[in-house]
Amino acid sequence: MIDVSRETEAQFDRYLQLLNEWQERMNLVAPSTLPQARQRHIEDSAQLIRLIPTDLRVRTWVDLGSGAGFPGIVAAIMLPAQVHLIEAREKKCLFLRTVAAELGLSDRVVVHNERVEKLRSPKADIISARAFTALPKLFDWGRGFAAQHTLWLLPKGRSAVAEVEAARQSFSFDAQLHPSSTDPDARIVAARHVRRIGADRGQ
């Protein structure tokens, strides 16, 4: 259970209400997760905030393959950062823009209706991606958003260790695997200094 203000709690409640309403029209999340949506989606996303070092000032957060907005929208609720949500499906972008407007976040949430691999900016303090694609492809598609100080926060399931090993075939990076507080089988990959092996300096 996360400890948040009454205002933040109200935003979470409205977010889940919108999720349930729109789920009837499109497949935003797995239907089996809706009865436990608070834990499976809100709390699962919010735990990423605890992994941000105190000396990292988060001004720009980029969420890859945002889908229903987890964890990007949750980050926008909890942090005073500019959050960029990148989502290729137009209908899901409409949902994300609606949520941002309903929660009073439109001034800080930017929805990009585009494929991740076609964008290379903005540069991010945090890059996140949840249930999007395997780690090697995440690093490949996301490195255009990364600066030297960027922290990647990537929730993964039981395949986390195997994905890290696979990514090391093509990328050099520093990584820690943190246990998930919402799923005993899951891990959160916190990575920094992601660089393609053999790439020229500055890439």
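Considering each of 124, 100 in turn, give the residue that is among the small types (Gly, Ala, Ser), touching a residue at least 40 places away in the same chain (Cβ under 8 Å) and crowded, with 16+ Cβ neighbours inside 10 Å. Of the residues listed, the single one that is among the small types (Gly, Ala, Ser), touching a residue at least 40 places away in the same chain (Cβ under 8 Å) and crowded, with 16+ Cβ neighbours inside 10 Å is 124. Only a single criterion out of (1) in contact with a Ser or Thr (Cβ under 7 Å, 6 or more places away or on another chain); (2) surrounded by fewer than 13 Cβ atoms within 10 Å (Cβ to Cβ) is not satisfied by residue 63, namely (2). As a summary of the residue check, residue 107 satisfies the conditions (1) more than 29 Å from residue 195 (Cβ to Cβ); (2) assigned to a helix (DSSP H, G or I); (3) not small (Gly, Ala, Ser) except for the one numbered (2). Test residue 29 against the stated conditions and say whether it is part of a loop (DSSP other than H, G, I, E, B), out of contact with any Leu (no Cβ under 6 Å at 6 or more places or on another chain) and of a type outside the set (Lys, Arg). Taking the combined requirement at face value, the residue satisfies it.
Just to check your reading of the model, which residue among 34, 19, 51, 28 is of a type in the set (A, V, I, L, M) and in contact with a strand residue (DSSP E or B) (Cβ under 7 Å, 6 or more places away or on another chain)?
Only one candidate qualifies: 51.
Matching residues to (1) more than 17 Å from residue 41 (Cα to Cα); (2) among the β-branched types (Val, Ile, Thr); (3) surrounded by fewer than 17 Cβ atoms within 10 Å (Cβ to Cβ):
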| position | (1), (2), (3) |
| --- | --- |
| 129 | no, no, no |
| 139 | yes, no, no |
| 160 | yes, no, no |
| 168 | yes, no, yes |
| 188 | no, yes, no |
| 193 | yes, no, yes |
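Return the residue satisfying two criteria in turn: it lies in the range 102-120 and is in contact with a Phe, Trp or Tyr (Cβ under 7 Å, 6 or more places away or on another chain) and either modelled with pLDDT of 95 or more or among the acidic types (Asp, Glu) (or both), and of such residues it is nearest to residue 90 (Cα to Cα). Per the stated criteria, the residue is 117.
Residue 152 meets each of the listed conditions (1) over 17 Å from the mean Cα position of the chain (by Cα); (2) at pLDDT 95 or above; (3) not basic (Lys, Arg) apart from (1). Summed over the range 127-185, the residues that are assigned to a helix (DSSP H, G or I), hydrophobic (A, V, I, L, M, F, W, C) and either free of Cβ contacts under 8 Å to residues at least 24 places away in the same chain or touching a strand residue (DSSP E or B) at 6+ places or on another chain (Cβ under 8 Å) (or both) give a count of 10. Residues that are under 21 Å from residue 60 (Cα atoms) and surrounded by 24 or more Cβ atoms within 10 Å (Cβ to Cβ) within the range 85-95 comprise 85, 86, 87, listed in sequence order.
The values are calculated or read from the model by the stated rules, or taken from the named source; none is laboratory data. Predicted model, so just to flag it, every value in this text is computed and none were measured. Ideal geometry is used to build each Cβ from the backbone, glycine not excepted, and the neighbour counts take in all protein chains shown.
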